[in-house]
Amino acid sequence: MLISNNDYIGSTFMLPRIRFRLRDQCPGKGSQVHLTLRDTAMLNIYTASDWNTVTRDVFYTHDLETTPLQIKTDSAVGSEEKVTVWFYTADDGYPLYSGAISLKFTDPPKYYIGWCSEDWTTFPVDLPAEQIWTITETATTVNIACNEVDLVTYTFSDSSRSACVPTWSRDIVNIWFRSGDTASDEFRAKPGMLSSTRKANIGTNNVKL
């Protein structure tokens, strides 16, 4: 099915063993969105440049290597709320883990780099009351910024864990907010830095919208 206008917004589509809903504005007239869906997965189509409400335990297409991810939170220090976002490949079959970031609003707040950190690490500065987090990945590092202030630049090769470099070296094209994430309110691709390709490939059932 070719999405050529916004007539389908709000519609729920049933595919073999999959159910999903077009929640946001179409990418544009005449645009095609190509999806490959794993039988038991749910994939949300979202408007990349706008703020989107976080839904837990679904895949979102996002190429972190070309487009920084922004997450909006308003958690208070000491609330014990957490951001937990995992990253995945687009390998045929079951997607592979390709990294994770966790932020914990303890007093003081801390962060954890999945497959790399040995333990939680305290942020070097105090956090504002409302936060827009930006996660940026390069071939060798992951950067965490809050309200456009760089807080952490983590170099994968500095990790003592053997899984760090090979895990983060995989292509990241899908993100997943875990059910234990209690802090993430909204997310988007960082404006002005959108990837030219938004293709989900997380399974074996090829679907063309």
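What follows draws every value from the coordinates through simple rules; no lab data is involved. Because the structure is a prediction, the values reported are computed rather than measured. Here the Cβ positions follow ideal geometry from the backbone for every residue, glycine too, while neighbour counts run over all protein chains shown.
In terms of distances greater than 19 angstrom between alpha carbons, the cross-link table entries LYS72/LYS110; LYS72/LYS190; LYS104/LYS190 yield LYS104/LYS190. A simple packing score, the average count of other Cβ atoms within 10 Å per residue, orders the peptides 119-129, 144-154 as 144-154, 119-129, with the highest score first. Between SER169 and THR155, full extension at 0.36 nm per residue minus the direct alpha carbon distance yields a gain of 3.8 nm. Each of the peptides 72-83, 156-167 was scored by the mean count of other Cβ atoms within 10 Å over its residues; in descending order, highest first, they stand as 72-83, 156-167.
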